[in-house]
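Encoded as structure tokens, the structure appears first; notes follow it.
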Amino acid sequence: MTKTEEQLEQKEESETMSSAATREEGTPNPSVANLNTDRAGSNGDGSIGVDLHEDNGGLDDQMLTKIVEKRLSQGPTTEPEDTTREATLLSVAVGSGSKADHVPAKQKPSVTTAMDKKNQLAYKAGASDGSDAPLRPRAHLDSSNCPRREDTVESTATFTIPEPQQEGIPGAYALAPPSALRGNINTMTGTPAQPPRLQQQQSTATNQQGTPGTAIDNSGLAVASPVEDPSSNQAYYHDLPRAQEHNEESQQGRKPLPQSFVATLFIVGIVFVAGIVLLLVFLLAGGPLDETATSTQTTKPTSVMATMSPTMALTFEQLIKQQLPNYTKTALEDTGTPQAQAFQWLLDDPAVTNYTNERLIQRFALATLFLATDGPGWLKNDGWLNYTMHECQWETGDAYALALFASVELLLFLEDREPYSADNVTVPCDTADRYSHLWLNQNLLEGEIPLEMYLLTNLKSIALGINHIKGTISSHVGYLSNLEAFGFVGVDLTGTIPTEIGLLSNLIEFEPIASLTGTLPTEVGMLSKLQVFSMTANLITGHIPTEIGMMQDLLALALEDTLLSGSLPSHVGQLSSLKILNVFQTQLTGSIPSELGRAQSLEAIDFANNFRLNGTLPSELGLLTDLSIVFALFDNAFTGTIPTELAQMTEVSWYWSVAWNQLSGTIPSELGLLTNVEFGVFVDTNRLTGTIPTEMGKLTNSTLAFQCHDNFLTGTIPTELGLLTSFVDVAGPSYGLSLSINHLTGTIPTELGMLGQTQRLAMFDNQLTGTIPSELGNLVDVKILRLSVNQLEGTVPSQIWNLTSALQLRLGNNSLTGTVPSEIGRFSNLEDLSLEYTEMNGTLPSLSALTSLRRLEVGHARFSGTLPKELVGLASIHSFEGLYATGSLLSGPIPDSLCQITVFECDLGNLCGCNCTCPDSLNQTNRLNH
């Protein structure tokens, strides 16, 4: 065993004995005593050794030893500053112990007493004026918690040294001045520059050689000495041990943090802080009420007052305002606004402090709506603004109902299959008393819809149709995340559709039938649950967004009577659930995409009245075999032929129409398969040729019409058309059998007298011959009988004069003969009588019963006599349009009252007056105006 190892073992035994002896002798502060015992070091004989280095300001070892012994012998009577010097010398760390003199063990009690005084000095706060400072505990210096000197680093520490005189931080440097804190510490990392064991060996070797070293205590910290007054003893002040200078070489192996890394951390921090600030500003200033703020605090909702501290009792009004958006806060500044009145009503509520935050906002929003739309004038307003009634008991409508539809087919579709059903709803609130259904259809609301309506964030349905209200769809609609049905039908709703509409992920029906402008936002494609999307009668422009193809649950797409342009996107064919497609009366152009044939769930297609839709009709439309309501393509510019595949729409029950286009070719006989059509098949006003297929007689379920007028059809009229006996008097005179303006030949089939209650029989402007069948007199309900501009001959059957329900009886431009019987006086509803350009003769009977007559055409016929004097009375009826008597044989002066509405020529008959000079021989007493 080497000499060094023997000294280490002796030191360990001395430390154990010294620590035990100190505790037995009642040392006031064991931790400090232990620390000083460790610093003194044991030589195995109970004495205390002090390492006196060669470089001690010119003092040799013997002189220092005498100083120590003298101080120790003075005991407790030593002056405080001397004791401090003694403590300073005792706190000098020992090196290997090879050059230390030993103090006899019998002086150990004196050492303990001196250490007590040192302790007392060390406990002081270090006041510069020498006054006593509060004692500060230093329990962390307990030797049981300190590392052994052999395991500590002499000139460096493994942690950052606390700053001197920093309040509340204990440690060896707590009382030391900054000038005494100089050690070999890595200022960037706080770690030793070299491994601990190597540092210990280097430090030990340095001390053995007499090089100035740094005193190290048991915890590895450099020991600071109290600052002495230089005037008292210059030697002691300058002879203090010096700490080693900072070792720059120990820092060479470490690299500082890259500046780019520090800059990145700084930028990330700035962005994070800015995000937090923006979020807080949004929530407190512009956002809606945070619904989760009150619901997450406790299981049971609490009132606003319950969450207030006593010091905020006077700020209840401000606390409520903090929960309101900025637009409401601005409105509250004007006491005359509905918002300010509703807020004051809320504050005056005797129970206001008992409401939860959610109920406060709920009652305020409803009160604002009531006051903004003339609530006192509503039809249903019982209980509104009653403090004693819960707002869920205030009177509203009893159902969600769509009050108006421009699209009849959509109304028919929704009549039995309303996607949004609230039949089981009897009150406007849910089981948690959250307002869920705002139903005020046809309730005489008048005024502007307040933005505060959007504070009702639990709403599931809104129905405010048929009221005198105006407003916009605010971007705040995005906060109504629970909304399922939005119905503003027949109101003055203006502005654009906000893009926030895409946030309504639960929306099922969206029907703002109003006066909205702008374009359809592409965000509508995000409405994955939407089933009814109706923009009827709005002023929206632009194209139909292709994103509509993403709305896979869509059942009805109604865009009729809008200003939409562009072509119909092929993406509509992706709507596998689509039932109704209505783009009636828009400005769409282009052709119908063949992909539409993929939407095989379609039950109704209405492309009518677009005028500029063109191209040929895709045969793929024949795949729509589930089409059961309507197929309407009339009033467009489609060309080409009628695909026979369209006849596969055998389930169409309302009407099937390709009228008013530029279609050519023949009428497909397969159309006779449309036997379920109830209202009619329409192929009129095209460029069709060929004959009328006899299969049209199979449309026996048609109650309204078969119309093929305004074409270039030839051939005879099929007798099978007489089988269309289901015509009924339900739709007025516009519907029935219409074959006019063609090139039809042959006679009028007598079977047409079997057309039951048909309202219209029109075959004018053809090349029909023969006589008028008397069987037509069986059409007692006919309103319009038009046989003019043909080549008919013979007398008018007397049965025709029995059709007293007729509104129009036009038989002119034929070779008909005979007279007008007196039975004409029974046609009390007759408005139009045309007998011109015929061979009919005789005098005109009394027309006194024809009080509805508006037009009388008797020119170029062979009637004689004078004009019926009843015409003077008809002239006073503003609806009377005129008398056409040119080329007639009627005579006599025309009364002045008929001059403006009578058409005749002076030199072609005996009529005179007006612009025609009457002969002097004419008896003035016979003038009609007398």
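The values are calculated or read from the model by the stated rules, or taken from the named source; none is laboratory data. Just so it is clear, the model here is predicted, and its values are computed rather than measured. Neighbour counts run over all protein chains shown; Cβ positions are idealised from the backbone, glycine included. Quick note on the areas: whole protein, heavy atoms, side chains included, nothing else; ligands and nucleic acids left out. Shrake-Rupley method; radii C 1.70, N 1.55, O 1.52, S 1.80 Å.
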Name the single residue that is farthest from the chain's Cα centre (by Cα) among those in the stretch 314-348 being in a loop (DSSP other than H, G, I, E, B) and crowded, with 18+ Cβ neighbours inside 10 Å. THR337
Checking THR714, THR804 in turn, the sole residue that is farther than 30 Å from ILE642 by Cβ and not in a strand (DSSP E or B) turns out to be THR804
May I ask you to verify whether ALA406 is in a loop (DSSP other than H, G, I, E, B), at pLDDT below 95 and closer than 20 Å to LEU459 by Cα? no
Name the residue, out of GLU620, GLU645, GLU651, that is out of contact with any Cys (no Cβ under 8 Å at 6 or more places or on another chain), open to solvent by 20 Å² or more (accessible area, probe 1.4 Å) and closer than 15 Å to PHE679 by Cβ. GLU651
Could you tell me whether the stretch 561-574 includes any residue that is within 17 Å of ILE497 (Cα to Cα) and buried (at least 23 other Cβ atoms within 10 Å of the Cβ)? yes
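Is the stretch 818-840 home to any residue that is basic (Lys, Arg), open to solvent by 10 Å² or more (accessible area, probe 1.4 Å) and assigned to a helix (DSSP H, G or I)? Lay out the reasoning, then the answer.
Pass one, the stretch 818-840, residues basic (Lys, Arg): 826.
Keeping just the survivors that are open to solvent by 10 Å² or more (accessible area, probe 1.4 Å) gives 826.
Now narrow it down to the ones that are assigned to a helix (DSSP H, G or I): 826.
The answer is yes; a qualifying residue exists.
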What pairs can you find where one residue is in the stretch 441-459 and aromatic (Phe, Trp, Tyr), the other is part of a loop (DSSP other than H, G, I, E, B) and open to solvent by 20 Å² or more (accessible area, probe 1.4 Å), and their Cβ atoms are less than 9 Å apart, with a gap of 6+ or different chains? TYR454/PRO288
Search result, residues across the stretch 517-538 that are within 17 Å of THR496 (Cα to Cα), assigned to a loop (DSSP other than H, G, I, E, B) and touching a Leu at 6+ places or on another chain (Cβ under 6 Å): THR517, MET535, ASN538
Filtering the stretch 798-813 for residues that are open to solvent by less than 30 Å² (accessible area, probe 1.4 Å) and over 14 Å from ILE824 (Cβ atoms) leaves a count of 1
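So which residues in the stretch 660-673 are surrounded by fewer than 23 Cβ atoms within 10 Å (Cβ to Cβ) and closer than 17 Å to THR616 by Cβ?
TRP660, GLN662, SER664, GLY665, THR666, PRO668
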If we keep just the residues of the stretch 841-851 that are at pLDDT 85 or above and not hydrophobic (A, V, I, L, M, F, W, C), which is most open to solvent (accessible area, probe 1.4 Å)? THR843
Every residue in the stretch 472-502 that is in a strand (DSSP E or B) and closer than 17 Å to LEU456 by Cα, please. THR472, ALA485, PHE486, GLY487
Give the stretch 460-494 a look and list any residue that's closer than 22 Å to LEU539 by Cβ, open to solvent by 40 Å² or more (accessible area, probe 1.4 Å) and touching a residue at least 40 places away in the same chain (Cβ under 8 Å), or say none. ILE466
Restricting to the stretch 561-587, and then to whatever is without any contact (Cβ under 8 Å) to a residue 40 or more places away in the chain, among the hydrophobic types (A, V, I, L, M, F, W, C) and not in a loop (DSSP other than H, G, I, E, B), can you tell me which residue is nearest to MET551 (Cα to Cα)? VAL572
Suppose we filter LEU504, LEU444 for residues that are of a type outside the set (Val, Ile, Thr) and open to solvent by less than 10 Å² (accessible area, probe 1.4 Å); which single one remains? LEU504
Spot the failing condition for THR356; the list is (1) open to solvent by 10 Å² or more (accessible area, probe 1.4 Å); (2) within 20 Å of HIS468 (Cβ to Cβ), and only one is missed. (2)
Just to be sure I understand, how many residues within the stretch 639-670 are under 18 Å from GLU603 (Cα atoms) and out of contact with any Phe, Trp or Tyr (no Cβ under 7 Å at 6 or more places or on another chain)? 7
If I filter the stretch 884-909 down to residues being in a strand (DSSP E or B) and surrounded by fewer than 17 Cβ atoms within 10 Å (Cβ to Cβ), which single residue comes out as modelled with the highest pLDDT? SER891
If a residue must be surrounded by fewer than 23 Cβ atoms within 10 Å (Cβ to Cβ) and in contact (Cβ under 8 Å) with a residue 40 or more places away in the chain, how many such residues does the stretch 769-791 contain? 4
In the stretch 683-708, residue surrounded by the most Cβ atoms within 10 Å (Cβ to Cβ) [restricted to those that are assigned to a loop (DSSP other than H, G, I, E, B) and more than 50 Å from the chain's Cα centre (by Cα)]: ILE692
Hey, SER657 at negative phi, open to solvent by 10 Å² or more (accessible area, probe 1.4 Å) and small (Gly, Ala, Ser) or not: no
